[in-house]
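Take a look at the structure below.
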Amino acid sequence: MRPVYFNQYAMRKMRLGLTIFGTSLLVFLSVFGFYKHLDNSSMQSYNSMVKSKFEVSNALDGFERLETSLNIWQNNEELRNSPLRGLNIRSLQPMVQYYSTKHLLGDVKVSLTAPELRKDSFKNNFVYIQYSRGAIDFYSRTDVDAYRFMEDFSANISGYLQIVHFDITKLSAEPHSKRNFKTRVRFIWQELLDKDYAKPSN
Amino acid sequence: MWRSLSSEASSKILLLIGDEGASVLYFRNGTIDSRFFLSSPGAVNADKLKNILREDKEAQVYLLLEHLDQAYEPRMVPITNPLGVERASLAQLNKELPEAYLRTAQKIKKFHANINRDWLICNIYTPYESPIANWIEFLLPFPNLIMGIYFMPLEAGNIFVSSRTADETLEPSWHIVIFRTRASGYRISVYYNDKIAISRIINPKLHEIPEVSAGNLEMEVNNTIDYLKKTLALDELKVSLTLLLNDEIAPFIRLDKLESSSCRIMTPAQLSKQLGYEHLIAETEKFLDHLLLAEAASKKLQRAVHTPQTHRQFKFATYTFWAARLSHLASALVITMSLYLAFESYGKIKEINSYRHSLSDYEAQLRSVRSKAEILRLSVQQPINLSKVSEIVDLYIFLTKNNVSPIDQIRELGKISGENALSAYKWEFNDPMLLITNGALVEGSNIRADRVYTLQSSLTIPVAADVDIKLRGEAIRAFYAKAFPELTISVSNYMENDSSLQNTSSVIVSMSYSPLSKLENLEVYSFSNKGRFSQNHGGEE
């Protein structure tokens, strides 16, 4: 039996309100579900796009590097023919002797540190850089002799020479003296070394 | 809350319950649909009311009490807080009366004549028994909501006040009204402004002989005024009088016998017209029932009382009503949020399309680059390890990049100085075997390193005694500035007499170079533990 406080008017209002609310809630949940689905899709699309962009960037970078490398490689005969055997220390002494005689130098002294491998952050999948620090001290008749000697030395040494200190001082101005100028040069000598070649010795 | 609920109803059923029966008025869509009188709930024509209740289930029911057995009791209440006056009076009434009584209280005025400044209150109550109980039991089985039970004399205060003309609304404030209903008979009520003070049914037999009835009414009025004076402890009291009587009795009222200060006599029909109900009451009508009900339907009623059963029903309806209202509000909110999300979804769809479009562009670019790379690989005629070549070239670039040499400077120096022209030359290049700076990337290479260095050189050029040293110094500076635009060049005159070189003066040329100024975006790390760099300049510390 219906309770005494049951009221048709109130119940109709309640039913109507609940129906509207239920419907609107259903609509909201549907829209929310759809929105979440779109949000996920959007995130996935964004990630795919970023990944693809990164791949394009990497591919472009690699392609440009490859193109540059090949270009340099094909146009640089010296580099192409480099034996990648590291510092050729044995060839240094005859070369110094030859050019010091040519430029009338006196008391030429050459010193080198033991060759080392650079431990910088190079990838070194195939090739190392081998280096040695060195110094040349000599006397010359004129300053021009000293410059020319250094020009020849730099041009003919194998590998890569970086002068870090060059000091020339005038001692006298005697016309026939070989000791008018004293020169001291410090340098770093570097050369490429094939990793496979370096293995047996290391 | 009650008003909100009430205002929702488009139809109302009002019952004026008296000892003789109940007058019924059915108010539908703002107009009076039907009106009739029922002698009892079990009367033959009660089916008419039952049909209305069955057909219009949403019609709200208002019960107005106009029976004999209701008491109006003026009382002084010593209360300081005006808001608690009625509550205190009701609490007192609850102690005095049994539970089965309907009761309420209405404050009338603050009584200044009393030294204690008490409030004058009217306690109103009636036992819950026949005829009220009969009608409630009759109505409860129907689905219609009983909005409340009202004391008609109390609610009528509003009606009679609104019927007064502008002049009558002035002093005096005490007002006696006599009217007649079919449900109960003659009733005399005393109001202070619109607040009920006293009310009672006059002997029901009054109406049988008009002259006698008129005399009795005069006596009742005078007795009531006397009673009021005694209750209020006043010698003089100004009272206005309204007699709502039909033409049978009104002519026999002797105004000079009345103690009231003013008096007006109106027929129910005249009052009906005055209140705007042209055809509600006929000219010969004696009773005021339907006019009172019509006014009650259109006005805000003041005080509802409930039986426990009607109270439960009303509370349930009220809660349901507000729950429905809240659900409407919540629905509006939810719909708004849905619209917002729909709008956002539209934005997301556009976003996804944009991403997909970009993705297809990138994929096309990727295919193009890969195809170019493949063509490049195929173009290499010799079988070589491209990765190894790439590494060798990277290292080559690294070693040759920024590989500066003093030879260039020396060569230029020779051009202007001539052989044996300078006395000293010093050239410093900060160690190129610098530790690698993490942020720098060698151009065109995968090697993350750079040579951050500074270059300092100076030379001393002797100047002959007969040459203007300043002009010579300026010429040398201009020459070097042109030859080495990237260098910072300064010239100072060195005036010391050097006897060994047989010169009297020299020009010192200082040159410096810092490629860091060209690498503003380079992130140079400090290696203070090794004493190599400072972060600001990248030079040797």
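A few comments on the model shown:
So that you can scan it fast, the table gives a plain yes or no per residue for (1) at pLDDT below 90; (2) under 56 Å from the mean Cα position of the chain (by Cα); (3) part of a loop (DSSP other than H, G, I, E, B):
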site	(1), (2), (3)
B:ILE188	no, yes, no
B:TYR191	no, yes, no
B:ILE196	no, yes, no
B:SER199	no, yes, no
B:LEU206	yes, no, no
B:ASN216	yes, no, no
B:THR224	no, yes, no
B:TYR227	yes, yes, no
B:ASN246	yes, no, yes
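- Residue among B:LEU280, B:LEU271 that alone is part of a loop (DSSP other than H, G, I, E, B), in contact (Cβ under 8 Å) with a residue 24 or more places away in the chain and either away from every other protein chain (no Cβ under 11 Å) or surrounded by 17 or more Cβ atoms within 10 Å (Cβ to Cβ) (or both): B:LEU280
- The range B:164-180 - residue that is of a type in the set (Val, Ile, Thr) and at pLDDT 90 or above and, of those, farthest from B:ALA105 (Cα to Cα): B:ILE178
- For the range B:196-230, residues that are touching a residue at least 40 places away in the same chain (Cβ under 8 Å), closer than 21 Å to B:SER240 by Cβ and in contact with a helix residue (DSSP H, G or I) (Cβ under 6 Å, 6 or more places away or on another chain) total 4.
- One residue alone among A:MET43, A:MET11, A:MET49 is farther than 30 Å from B:GLU391 by Cα and crowded, with 18+ Cβ neighbours inside 10 Å, and that residue is A:MET49.
- Conditions (1) part of a helix (DSSP H, G or I); (2) under 30 Å from A:GLN130 (Cβ atoms): number failed by A:LEU87: (1)
- Residue in the range B:383-398 that is modelled with pLDDT under 80 and either surrounded by 20 or more Cβ atoms within 10 Å (Cβ to Cβ) or facing chain A (nearest Cβ under 7 Å) (or both) present: yes
- Selection of helices (runs of 4 or more DSSP H) fully inside the range A:92-202 by the criterion of at least 1 residues being within 21 Å of B:ASP408 (Cβ to Cβ) returns A:92-102, A:143-156.
- Selection of the range B:319-334 for residues being surrounded by fewer than 18 Cβ atoms within 10 Å (Cβ to Cβ) and in contact with a Ser or Thr (Cβ under 9 Å, 6 or more places away or on another chain) yields B:TRP322, B:ARG325, B:ALA330, B:ALA332, B:LEU333.
- Evaluating A:ASP61 against the criteria (1) under 26 Å from B:LEU366 (Cβ atoms); (2) within 8 Å of chain B (Cβ to nearest Cβ); (3) not aromatic (Phe, Trp, Tyr) leaves one unmet condition, (2).
- Residue satisfying condition, being touching a strand residue (DSSP E or B) at 6+ places or on another chain (Cβ under 9 Å) and more than 8 Å from chain B (Cβ to nearest Cβ), within set A:THR169, A:THR183: A:THR183
- Pick from the range A:72-108, criterion more than 21 Å from A:GLU191 (Cα to Cα) and free of Cβ contacts under 8 Å to residues at least 24 places away in the same chain, ranking: nearest to the other protein chains (Cβ to nearest Cβ): A:TYR98
- Scanning the range A:109-155 for residues that are among the polar types (S, T, N, Q), facing another protein chain (nearest Cβ under 9 Å) and touching a residue at least 12 places away in the same chain (Cβ under 8 Å) yields A:ASN124, A:ASN125, A:THR142.
- Pair list, Cβ under 6 Å, 6 or more apart: the range B:335-363 residue under 25 Å from A:THR23 (Cβ atoms) and facing another protein chain (nearest Cβ under 7 Å), other residue small (Gly, Ala, Ser) and part of a helix (DSSP H, G or I): B:ILE335/A:SER24; B:LYS348/A:SER42
- Among the residues of the range A:153-177, those that are surrounded by fewer than 16 Cβ atoms within 10 Å (Cβ to Cβ) and within 19 Å of A:LYS102 (Cβ to Cβ) comprise A:ALA155, A:ASN156, A:HIS176, A:SER177.
- Between B:GLN302, B:GLN309, B:GLN313, B:GLN381, the distinction of being outside any helix (DSSP H, G or I), in contact (Cβ under 8 Å) with a residue 12 or more places away in the chain, over 30 Å from A:LYS36 (Cα atoms) and not basic (Lys, Arg) belongs to B:GLN302 only.
The values are calculated or read from the model by the stated rules, or taken from the named source; none is laboratory data. Quick caveat, the model's predicted, so the values are computed rather than measured. For neighbour counting, all protein chains shown are included, and Cβ atoms are generated from backbone atoms with ideal geometry for every residue, glycine included.
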